[in-house]
Amino acid sequence: MYGNDLSPTASPVTRNDDNLEDDTDFQATIDSAGRIEPRDAMPEAYRNNLIRQIAQHAHSEIIGMQPEGNWISRAPSLKRKAILMAKVQDEAGHGLYLYAAAETLGADRADLLDMLHTGRQKYSSIFNYPTLTWADMGAIGWLVDGAAIVNQVPLCRCSYGPYARAMVRVCKEESFHQRQGFEILHTLSNGTPAQHAMAQDAVDRWWWPSLMMFGPPDEASPNTERSMRWGVKRFSNDELRQRFVDMTVPQAEALGLTLPDPELRWNAESEHWDFGEIDFTELFEVIKGNGPCNAQRMAHRRRAHDEGAWVREAASAYAAKRAADDPVQAVA
């Protein structure tokens, strides 16, 4: 999946940001729509920026298993249970792909997890909200995964090859997740009045946090300009947010549900949907750790990591034994 292999003894070639001649070659590759691969020379700042972004993405996938895993045992039918289990399993796989992509940059997975557990790295703020009803599974699939698709499809053309290739499979699976959420809400919306009300309540609670998933407004986003210059991002936060709104409004109409924004209206001049002002104060508070479920999510993550130590130890012992028995096969 990741192209150029990176053996345990190899490291990406980095260049000092002050070396303008070297950076010119690097930027020329990006400007020509080329791909940077693990063994290619790259500025240290580019490598660090990618590790930060990919790690945050990977952390979000594994933390994101919690709000939905909470409903596996309470799904309303065996079919719904099986679908939700498959979705949560997909999220675990996404985390695996992304940690592997970060490792091609010389990062150590154990170090990344330690930074997550100690609060030195972040995950998406959206997963710090509670899932109160079964309809939340639909709202997460439709809105949260829908926003993720808008965010992540451009990453399939990211300038860093391993990240871009990992995102192709991730986006295909996220498309399934979005359709699953839409179908849950469609079923509820067309069910009893109580079921319709449950669906509407979930949309009311998840709409604004979903818009915040795209990050702060462009003028308050410190990493956007550089990430776009390096070809890591293709569109700004506000551009992606607008795409999401334009995509979602007609879908809400098809569902028979109302998006909780009285200022939502079609702008014939811009040919986009205008929407109300977002309270980014809430976003920044959640990022600081003051969201409804921040403490709960991290406590569960740390506990799961500690309880899984024996699995990691067993896997390491097996790998060491295999290497001793057949060094050539172990490397392969």
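The values are calculated or read from the model by the stated rules, or taken from the named source; none is laboratory data. Every value quoted in this text rests on a predicted model; they were computed, and no experiment measured them. Cβ coordinates were reconstructed from backbone atoms using ideal geometry, including for glycine residues, and neighbour counts include every protein chain displayed. Quick note on the areas: whole protein, heavy atoms, side chains included, nothing else; ligands and nucleic acids left out. Shrake-Rupley method; radii C 1.70, N 1.55, O 1.52, S 1.80 Å.
Please return the longest range in the chain lying between exposed loop sites, taking GluC sites (Glu not before Pro), DSSP loop only, at most 11 other beta-carbon atoms within 10 Å, and leaving the sites out. Result for the longest clean stretch: 1-262.
Remark: the residue 296-residue 280 segment gains 3.5 nm on full extension, using 0.36 nm per residue and subtracting the alpha carbon distance. For residue 92 and residue 225, the difference between the fully extended length at 0.36 nm per residue and the C-alpha to C-alpha distance is 44.8 nm. The order of 287, 126, 62 by accessible area, most exposed first and with a 1.4 Å probe, is 287, 62, 126. The candidates 123, 46, arranged from most to least accessible area with a 1.4 Å probe in the full protein assembly, appear as 123, 46.
In loop segments of region 80-178 as defined by DSSP, the trypsin sites (Lys or Arg not before Pro) with at most 11 further C-beta atoms inside 10 Å of their C-beta are 120. For residue 121, nonlocal amide neighbours, meaning residues 5 or more places apart or on other chains whose placed amide H falls under 5 Å from its own, are 116. Of the whole protein surface, residue 131 contributes about 10 Å² of accessible area at a 1.4 Å probe radius. Charged neighbours of residue 183, selected by a Cβ distance under 14 Å, balance to +3 (K, R count +1; D, E count -1). Taking label positions 7 Å along the Cα-Cβ direction at both residue 172 and residue 190, the computed distance is 2.9 nm, reported to one decimal. Think of the chain as having a plus end and a minus end, set by charges on the Cβ of Lys, Arg, Asp and Glu; of 72, 28, 50, 72 sits farthest toward the positive end of this dipole.
Restricting attention to the chain, lysine pairs at least eight places apart or on different chains and with alpha-carbon atoms under 23 angstrom apart total 8. The relative contact order of region 134-246 comes to 35 percent, based on Cα pairs under 8 Å that sit 6 or more residues apart. Please list, by residue number, every one of the chymotrypsin sites (Phe, Trp or Tyr not before Pro) in region 141-188 that is coil in DSSP and has at most 14 other beta-carbon atoms within 10 Å. Passing sites in region 141-188 do not exist. When the chain is described by a simple charge dipole with +1 on each Lys and Arg Cβ and -1 on each Asp and Glu Cβ, the residue from 187, 168, 224 located farthest towards its positive end is 187. Using a probe radius of 1.4 angstrom, the carbon and sulfur fraction of the accessible surface of the chain is 55%. Summing charges over neighbours of residue 133, with a neighbour being any other residue whose Cβ is under 11 Å away from its Cβ, gives 0 when K and R count +1 and D and E count -1. Accessible area per residue for the chain, computed on protein heavy atoms with a 1.4 Å probe, is 49 Å². List the relative contact order of the chain as a percent without decimals, with contacts defined as Cα pairs under 8 Å and 6+ residues apart. Computed value for the chain: 17 percent relative contact order.
Quote the FRET efficiency, to the nearest 0.05, computed for residue 318 versus residue 82 with a Förster distance R0 of 35 Å and r equal to the Cβ-Cβ distance. Calculated transfer efficiency: 0.70. To test your reading of the geometry: what angle, between 0 and 90 degrees and rounded to tens, separates the Cα axis of helix 78-103 from the longest principal axis of the chain? Computed tilt is about 30 degrees. Given their separation in residues at 0.36 nm each and the Cα-Cα distance between them, residue 310 and residue 132 gain 60.8 nm when the chain is fully extended.
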